[in-house]
Amino acid sequence: MKKVINIILIVCCVLITGCSDDDNVSSALKIIKADVNIKAAGGEASIEFQSASPVEVVVDAEWCEVTEQTASLIKISVEANADFPGRSALITISDGMEKQVLTLVQEGAVFIYDESEQIQRVGNEGASLPVEIYGSFPCEVNIPETDKGWLSYVPAEDGKGGSFVVSKNTTGTMRGSIVKVTCGERAYSYAIMQYDAVNLLGTYQGQYISLLDQQNYGLSNVVISGPDASGVYTIDGLLEGETGCAVKAVYENNMFSISAGQKLKAYDQQPELDIYFGLMNLSARPYWTSEYTVGLAPIFVEGVGMGLSFEDNGGMPNTFAALCFSFFAGDTYYQDYEILLRCLLYRPN
């Protein structure tokens, strides 16, 4: 009888011990290593984990897909993000008893370029023109087929831009190209023009907006000539209907530079008044002395090809805005004759 009781006690102990072990089983799901920071161009995230049981993986974004799962490794394919904002997705890993939640973060697409380099002007001797342009995706430089004989592009070794290489111009005329650069879904264009001062001489037509009445006006006969023995050029015809009002300019940095404060002539209808040439900045402040200047340089004009535009050359405070032709009585300002906004010149057809 004693033996029977002992056997029963041993069996009960075994049963009790077995039940106690089952009740104390705990989850051992651990994240060992997680690579979940992804570039905008896309790629692969990976998670190394440890678990005593099989796991289930759920990702809450359509642009992520689990491509591989083993007993210790999860790989997730991440699509490219062409948008500027970054984005994130939640990755949930569960073994049925415990779960781990990780955040996958993807950068937004960036496209870096220098706006001051958008318009490139170079003389007929040719040159190498460095530009800074790069982004989250490879940059593709698209030079028109018709211009590849004189224009090429060499990428920089660091991947952050390159140089436009312009060959010598022996055509006797000004030439130019619009080069489009794409980076993912974004694009930027460069205007590259090659010429010397001699290629800019001749007769132009033009148009402008008058600041005095906000109306559009045309210029029928603007003539650029020179240089004289002192290297000075003449630009005549900017004041429509008024003869003898040519302004003087010098040629430097691939553009004509025109100074304010030029006394042009006595006004025919009131000889006691003189017509002066001046410049106005974006604050609508006029300048009448020669230390202030504006540039006249080639640009691409929609519908007519290349033309000439008056633009800021660093010679004025707060940026150039308009050309001023005004009356002076002696050295004293009297009133405005005409103020030209957005003045463009182009060759007649």
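The values are calculated or read from the model by the stated rules, or taken from the named source; none is laboratory data. Worth saying up front: this structure is predicted, and the values here are computed from it rather than measured. Cβ placement follows ideal geometry from the backbone for every residue including glycine, while neighbour counts extend to all protein chains displayed.
What number of residues within segment 248-286 are free of Cβ contacts under 8 Å to residues at least 24 places away in the same chain and in contact with a Gly (Cβ under 6 Å, 6 or more places away or on another chain)?
Number of matching residues: 1.
Based on what the data block shows, is A41 within 42 Å of the chain's Cα centre (by Cα), over 21 Å from M97 (Cβ atoms) and at pLDDT below 95?
Taking the combined requirement at face value, the residue satisfies it.
Show me the strands (runs of 3 or more DSSP E) entirely contained within segment 143-223 in which 2 or more residues are closer than 28 Å to N349 by Cβ and either touching a Gly at 6+ places or on another chain (Cβ under 8 Å) or in contact (Cβ under 8 Å) with a residue 40 or more places away in the chain (or both).
Of the strands (runs of 3 or more DSSP E) lying wholly inside segment 143-223, those with at least 2 residues that are closer than 28 Å to N349 by Cβ and either touching a Gly at 6+ places or on another chain (Cβ under 8 Å) or in contact (Cβ under 8 Å) with a residue 40 or more places away in the chain (or both) span 175-183, 186-194, 202-210.
Looking only at segment 77-93, filter to residues that are touching a residue at least 40 places away in the same chain (Cβ under 8 Å) and assigned to a strand (DSSP E or B); which one of those is farthest from A34 (Cα to Cα)?
The selected residue is V78.
Just the residues that are exposed (fewer than 12 other Cβ atoms within 10 Å of the Cβ) and touching a strand residue (DSSP E or B) at 6+ places or on another chain (Cβ under 7 Å), please, taken from segment 329-349.
Q335, P348
Of the conditions (1) surrounded by 15 or more Cβ atoms within 10 Å (Cβ to Cβ); (2) assigned to a loop (DSSP other than H, G, I, E, B); (3) under 28 Å from the mean Cα position of the chain (by Cα), A61 fails just one. Which one is it?
If we test A61 against (1) surrounded by 15 or more Cβ atoms within 10 Å (Cβ to Cβ); (2) assigned to a loop (DSSP other than H, G, I, E, B); (3) under 28 Å from the mean Cα position of the chain (by Cα), just (3) comes out false.
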